[in-house]
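The values are calculated or read from the model by the stated rules, or taken from the named source; none is laboratory data. Model, not experiment: these values are computed from the prediction. Quick reminder, even Gly has a Cβ in these numbers, built from the backbone with ideal geometry, and neighbours come from all protein chains shown.
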Amino acid sequence: MPPINEFENDLKRSTPRPLSDDARAAVEARLLDAESARPRGEPRAAPSHAALIGIWASGFAIGAAAMLILAPWLGSPPEPSTPSAPIAGPRVPERDFPIAAATEEPPSDRLIAVPVAREFGRRHAGDREVLTVGRYPSVLRNHRSIPPGRRGPPADHNEAAPRNTVPSPSGSAEQMTRRELMDELLDEA
Amino acid sequence: MRRQQIHDLLESEGAALRLFATQWCHWPDDAVQEAFIDLVDVPVWPDNPRAWLYAATRNKAKNLGRAERRRATRQQRVAEHAQDAWFSDSHRSPVIDQRELQTALEQLDPDERQIVVARVWGEMKLEELADLVSCSTSAVHRRYHAAIAKLRRQLEVENATDQ
């Protein structure tokens with residue numbers, strides 16, 4: 001019996017039938033089609049893990065830098081000096097207020113507390129606002145928010161003439177006080 | 001580069017792959033052709049394209065064989081493809097008759113046969129065969145030598161019968 005290596009060599013001398021020409025032609029045609037579809041010939045190799053990690057790290061760095069640059073604009077706005085809208089309530093046009101604020105210095109008896117914007121259903125306990133009256137006294141006089149005892153024309157503290165005056169007996173248009181009139185009559189007597 | 005490599009594989013491994021595919025189907029050329037076309041379109045080039053081709057050819061041949069069995073009985077296929085010889089007509093082996101060799105190979109266990117064909121005519125290494133049949137290298141070595149011994153006994157018996 002020949003050794004096994006010799007028997008293997010005898011086996012190898014038996015040549016398998018070659019691949020058919022049709023199969024070769026089909027493979028060649030497919031190769032040509034693939035090359036025409038892939039001009040560069042070589043397929044791109046799959047990215048390695050190191051490359052993927054590098055891509056991820058660079059993306060993270062870019063994002064962090066962008067956040068640092070945009071941080072001043074992305075921060076919360078500064079706190080307003082006035083209360084926010086839900087606390088103070090919506091702004092109401094000035095004409096809707098029953099009493100408008102005056103620029104002049106009002107007398108103390110014209111300072112009243114009026115519930116603000118009662119017409120809009122926003123009555124809050126203790127939510128009153130002190131308004132000065134000086135420019136629209138007629139509005140103040142008739143407004144229903146004013147207690148009845150405090151309604152009426154405000155005192156006119158700006159009168160220049162004294163209240164107790166009588167016409168001058170001489171018929172002049174000059175007004176004099178009662179005390180001045182008595183002094184004048186006594187002097188004549 | 002890839003085209004040249006595939007072309008070289010087609011020249012060097014075409015016949016052996018055809019013989020390898022003959023174990024499972026009667027249209028081995030189609031199986032080899034489909035395996036090569038799959039290699040052309042493979043997205044990632046395999047580390048060992050030769051071993052990849054053997055595995056792909058085996059799977060293609062098995063699928064073709066199942067389709068053939070669905071179409072006709074074995075006797076009908078033999079009648080249709082009477083000249084479906086495994087080896088070429090050029091007698092380069094004065095020792096072994098090629099028809100006897102084909103008969104002896106057909107009588108081997110399918111796993112043993114694919115190991116013998118891939119080892120003898122495909123010249124695959126034991127490590128590659130281990131990947132191909134999904135077993136250890138030592139198991140491949142053991143099964144290969146057992147198959148070769150069985151093949152020798154079968155051929156000696158046939159030679160003795162002929163004489």
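Assorted remarks:
- Within the stretch A:14-32, residues that are at the interface with another protein chain (Cβ under 7 Å from one of its Cβ atoms) have Cβ atoms under 7 Å from residues that are modelled with pLDDT of 85 or more and in a loop (DSSP other than H, G, I, E, B) in these pairs: A:Pro16/B:Trp121, counting only partners at least 6 apart in sequence or on another chain.
- Wholly enclosed helices (runs of 4 or more DSSP H) of the stretch A:1-120 bearing at least 2 residues touching a helix residue (DSSP H, G or I) at 6+ places or on another chain (Cβ under 6 Å), surrounded by 10 or more Cβ atoms within 10 Å (Cβ to Cβ) and at pLDDT 55 or above: A:4-13, A:21-37
- Residues (more than 9 Å from chain A (Cβ to nearest Cβ) and hydroxyl-bearing (Ser, Thr, Tyr)) located in the stretch B:14-63: B:Tyr54, B:Thr57
- Boolean, B:Leu10 is surrounded by 21 or more Cβ atoms within 10 Å (Cβ to Cβ), in a helix (DSSP H, G or I) and within 10 Å of another protein chain (Cβ to nearest Cβ): yes
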